Each structure stands twice: as C-alpha cells, then as structure tokens.
Amino acid sequence: MLADMPKLSLSLAAAALLGGGLGATSHAMPNSASIADAEAVTTPAPVADQPAAPTVDGTCLAQTICAVKERIRWQTPAWTPSQCRKIADAVNESAKRHDLSPSLLLAIMVNESDMNEKASRSYTRDGKIYAKDGGLMAIRCMLDDKERCTNGNVRGVAWKDLMNPVTNIELGARELAHWREGGGVTRTTITKVDANHHRYQVNKNVPCQHKTHGWWAHYNHGPRYIDKGYARHYPHRIAVLDHAFATVTNTPAPELEKGRITIHDPGKRERAPDRPLEPRFKKLYSQIISSGACSPLALN
C-alpha cells in the first residue's frame, strides 16, 4: 500500500529532513543534545508507574499475524506459517526486552509498512540518496558512503542488516522505549537570576510528560509532539490498532489504560482506542478484529 497511500511517518519525514529535523519521525531522530536552538536538555527520566508489559502465547500470536497479514497485504506475498512464527517470536522477545506490549509493536508495524518486510523509501539530495526508511517498522537510516546509518539509536547499523525483519523489529522496539523513557522533549520558559540579581528568562527543553498525547506519538513525531494538523492524531491511530491486536490476542495493553491518547477535537467527544475514526483505520481495525481471537492465557 506504500505505492498509493504514503504512511504519515514517511511523508512527515521527508519534510523534516529537508527542514532541519524538528518535526521528524523517530527514525530521523537527532541526538537530544543537538536539537536546534535548545538552551538545554535535562537528563531523561523513566516514566513512573509503567505497568509491566504482557506476553502473548507464541502460537496464538503467529496465527494472528498470519491472518492479519493475509487481510492487509497489497501486492506482496503471503507469509508462511514458519515466517509468521519467526515474526511472532521476534515481537515477543523485543517486547519483553524493552517492557513493551506486543500489540503496540504490531500496531506500529501495520501502520508503517502494512506488514511488508521489504517496504522502503529513499530520499535524495542533488541526485544522491542520503536517507532511507525501511522494513516492517519503517526505521529511518541516514546513510554514509558505506551504507551505514549515522543517526540516533541506529548509528553504525548497516542498511542491509536493518532490513532483516528480526533486527528491524528490535530497532523499532528500542526506539519506542527511548521515547517512553524521556527521549521526547518540550519547550518551557524558566527564570534565572544573574550575578547582579537581575532576573531574566530563558527557554529550556525538558523531558516531555506526554500530557496531551500517548508517548508512542514520538515514534512518528521525533523529539517534539506535533499538535497541529493531521499529524496530531497519530497516537490515536496507533492506539486503535493496538487495541484491536490486544483484543484478538486476549492480552491487556497497559499503555492504553490511563492518560490522554491524543489532543481533544474542539466540540467533539474524546477520541478512544476502541473507536477508529478515519476510513483507513476503521478498515484496519475491522480486519484485525476479524482475524480470530485467541484463548486467554492461563495465569500461573
């Protein structure tokens, strides 16, 4: 579906890369200390009271992945049961390693690539490719002359390794954990006093508290949440996919259980993870829900 419906993160990324990166997706993430015109960035602090992420039975998850892949794939081959199991194991392992919900990883995967492990997009400048987005999780790679990434959490990773589905899922999980644990920033104004006791104000970047949006918004938006235009509701679109996967796998999605999902639509009811609004996400939600539910896991 990349050919006829560019993903939000990819379209934002092109503008962000050309415009300096402040509106970029996480895949184009600069190091926090290099954010343009930032007076300072405080040390990120983990989000408090983060519930332990659930796990999903591997067979159940593989069956769900195969069923959803079959429903949403567009001009791409179906996955074999063994491929689905490989993806399921990678999702479970990365989710456990980074304390994330498997359903959230799958939601990102569906939104960014329609579960197409070969999806990629290139960006050129003066006729030369300088960046690519690729793989299941649409990981951003700013390329050097040796086809290695030079940006953020993927620095030093070879492009061909980034496109390995298992590696790609792990890199996406690493990015999500980075934003959850304080990688996002927000601008605030503070008052300081100089040696002559004169008060003056300075701008400062501090860890984002995600008060108006789900923390996973930063996977798409980069350090600063984009609170205007179409991009503002990215966290809700991911939330409805997350909710659908959590429903069919009979597992909780702790990230959806408290706090604001996204900013309020003036004059309208609050957006909720079980209520997709845009046509594409209504269709995807239905396709995931209709993939068949797994039995609940037994509690030991």
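We did not get these values from a lab; they are worked out from the coordinates using the rules stated. In this text the structure is predicted, and so the values were computed from the model without any measurement. So basically every Cβ, Gly included, is an ideal-geometry build from the backbone, and we count neighbours across all protein chains shown.
Tell me the net charge near Ser103. Cut-off is 11 Å between Cβ atoms, Ser103 excluded, with +1 for each Lys or Arg and -1 for each Asp or Glu.
-2
Tally Lys and Arg at +1 and Asp and Glu at -1 over the other residues with C-beta under 13 Å from the C-beta of Trp216: what net charge comes out?
Result for the neighbourhood of Trp216: -2.
Which net charge results for the neighbourhood of Val166, defined as the other residues with beta-carbon distances under 15 angstrom from its beta-carbon, given Lys and Arg at +1 and Asp and Glu at -1?
Values: positive: Arg85, Lys86, Lys96, Arg97, Lys118, Lys160, Arg174; negative: Asp89, Glu93, Glu117, Asp161, Glu170.
Overall, the nearby charge balance is +2.
For segment 224-260, list residues with backbone N below 19 Å from a point placed 7 Å from the Cα of Thr59 toward its Cβ?
248-251
Which length gain, in nm to one decimal place, applies between Lys160 and Arg125 when the Cα-Cα distance is subtracted from 0.36 nm times their residue separation? Write down the numbers at each step before the final one.
On the way: separation 35, 0.36 × 35 = 12.60 nm, distance 2.13 nm.
Between Lys160 and Arg125, full extension yields an extra 10.5 nm.
Checking the a/c ratio against 1.5 first, then a/b against b/c, what shape does the Cα gyration tensor give for segment 172-217?
prolate
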